[in-house]
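One structure below.
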Amino acid sequence: MDIPSNVIEKLQSAKKIVFFSGAGISAESGIPTFRGKDGIWNKLSPEELANFNAFIKNPKLVWEWYNYRKSIVHQAKPNLGHLAIVEFENIFSEVIVITQNVDNLHRRAGSKKVYELHGNIERNFCIKCKKHYDGDLDFQEGVPNCSCGGLIRPDVVWFGEMLPAEQFRLSEKAAQSCDIFLIVGTSAVVYPAASLVYTAKSNGAFLVEVNIEETEVSTIVDVSLFGESGKILPKIVEQIKQIRINK
Ligand code: BJW
Ligand code: ZN
């Protein structure tokens, strides 16, 4: 697939570029998405797992799910999509990554400015005193407890919970002030994260979507690039580099 010329033209004059990523960008690293035909939540109900009441009711079950996902994340490596974003950072003066993912793969790829809207699966905290436990937890005697007696939970954002305020504030600021907003591998159905797409649009950004299928925001973006992000993003980088060489 050739990248449409208007995308390349916009990129050539862009000063500030924002990537808004979701589970699809990590799919080629072997991490299942939430929704769609291969989504993990086709097999496990989100209501049972990704909310605080479910955790209180059955912390063992919720921890089993997170430990299973942690093991996948630990084995996974950043893919060509994550790495292409790092290349963007080497070419353009200001690149920001806003991610809904908890897998840390953007940072592991080398991205410098990453805002995590839904937390990070590598971190944990006590539900009672909020103390952080970021190393490996011991599950030998069941679900781990804090020294204060409170349950330790993963530091991720569940349904009905607020997003980390500062990360969301910075993300809104980035969406308001960027020239190009690239929406990569997200179904854009989960709020308030998805509202950033509309924020970017109403502030005049050029919207480019990269996804294997149509999404909630396909009708409002300027360009939809259908295909795997691990193929499309490196192609954009390649074309930009080619133009710079020929200049
Ligand atoms: C590829 C690809 C490839 C595949 N290349 N593409 C009704 C209306 C509006 C809002 C609400 C509502 N009812 C409730 C709400 C609020 C709720 C919400 O949005 N619900 C909607 C589902 C309706 N939101 C919340 O509760 C949020 N908090 C909140 O609102 O606080 C205020 C409040 C406080 C108190 C009371 C009430 C409100 C919090 C949301 C937290 C979301 N958390 C999760 C879990 C995180 C932890 C964990 O990982 O376990 O975050 S849910 C899950 O969805 C996860 C993701 O970050 C998030 C988004 O999913 P994402 O990334 O888009 O993945 P998928 O699977 O959906 O899509 C993958 C895409 O990739 C697909 O499009 C594929 O095609 C594509 N793809 N391979 C490119 N190779
Ligand atoms: Zn505690």
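The values are calculated or read from the model by the stated rules, or taken from the named source; none is laboratory data. Since the model is a prediction, treat every value here as computed from it, not as a measurement. Here the Cβ positions follow ideal geometry from the backbone for every residue, glycine too, while neighbour counts run over all protein chains shown.
Can you pull out every residue in the stretch 56-66 that is over 13 Å from V102 (Cα atoms) and within 23 Å of the chain's Cα centre (by Cα)?
Listed by number, the residues that qualify are V62, W63, E64, W65.
Please state which of the following conditions V73 fails to meet, knowing it meets all the rest: (1) over 17 Å from L233 (Cβ atoms); (2) modelled with pLDDT of 95 or more; (3) not in a helix (DSSP H, G or I).
(3)
Within the stretch 151-161, can one find any residue that is closer than 15 Å to A194 by Cα, within 16 Å of ligand 1 (Cβ to nearest atom) and either touching a Cys at 6+ places or on another chain (Cβ under 7 Å) or assigned to a helix (DSSP H, G or I) (or both)?
For the stretch 151-161, residues closer than 15 Å to A194 by Cα, within 16 Å of ligand 1 (Cβ to nearest atom) and either touching a Cys at 6+ places or on another chain (Cβ under 7 Å) or assigned to a helix (DSSP H, G or I) (or both): absent.
Please state which one of I91, I72, I56 is among the β-branched types (V, I, T) and within 25 Å of L182 (Cβ to Cβ).
None of the others qualify; the one that does is I91.
Go through (1) modelled with pLDDT under 95; (2) outside any loop (DSSP other than H, G, I, E, B) one by one and return the number of the condition Q140 breaks.
For Q140, the exception is condition (2).
For I183, only one of the following conditions fails: (1) touching a residue at least 24 places away in the same chain (Cβ under 8 Å); (2) among the β-branched types (V, I, T); (3) in a helix (DSSP H, G or I). What is its number?
Of the numbered conditions (1) touching a residue at least 24 places away in the same chain (Cβ under 8 Å); (2) among the β-branched types (V, I, T); (3) in a helix (DSSP H, G or I), the odd one out for I183 is (3).
Which count do you get for residues in the stretch 87-123 that are closer than 20 Å to A205 by Cβ and over 14 Å from the mean Cα position of the chain (by Cα)?
Number of matching residues: 7.
Output yes when any residue across the stretch 98-105 is assigned to a loop (DSSP other than H, G, I, E, B) and without any contact (Cβ under 8 Å) to a residue 24 or more places away in the chain, and no when none is.
No, the stretch 98-105 has no match at all.
Kindly indicate the residue of the stretch 168-194 that is polar (S, T, N, Q) and buried (at least 18 other Cβ atoms within 10 Å of the Cβ) and also farthest from ligand 1 (Cβ to nearest atom) among those meeting that condition.
Within the stretch 168-194, the match that is farthest from ligand 1 (Cβ to nearest atom) is S171.
Among the residues of the stretch 143-158, which ones are more than 9 Å from ligand 2 (Cβ to nearest atom) and either over 22 Å from the mean Cα position of the chain (by Cα) or at pLDDT below 95 (or both)?
V143, P144
So that you can scan it fast, the table gives a plain yes or no per residue for (1) assigned to a loop (DSSP other than H, G, I, E, B); (2) touching a Gly at 6+ places or on another chain (Cβ under 7 Å); (3) free of Cβ contacts under 8 Å to residues at least 40 places away in the same chain:
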| residue | (1), (2), (3) |
| --- | --- |
| E9 | no, no, yes |
| S26 | no, no, no |
| G36 | yes, no, no |
| W63 | no, no, no |
| P78 | yes, no, no |
| I85 | no, no, no |
| R108 | no, no, yes |
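Looking at F139, is it surrounded by fewer than 13 Cβ atoms within 10 Å (Cβ to Cβ), in contact (Cβ under 8 Å) with a residue 60 or more places away in the chain and of a type in the set (F, W, Y)?
Here the answer is yes, as F139 does meet what is asked.
Mind counting the residues in the stretch 117-131 that are within 25 Å of I98 (Cβ to Cβ) and either more than 10 Å from ligand 2 (Cβ to nearest atom) or part of a loop (DSSP other than H, G, I, E, B) (or both)?
So the answer is 9.
Considering only the stretch 222-236, I want to know if a residue exists there that is more than 26 Å from I91 (Cβ to Cβ) and out of contact with any Lys or Arg (no Cβ under 6 Å at 6 or more places or on another chain).
Within the stretch 222-236 (the criterion being more than 26 Å from I91 (Cβ to Cβ) and out of contact with any Lys or Arg (no Cβ under 6 Å at 6 or more places or on another chain)), the answer is no, since none of the residues qualifies.
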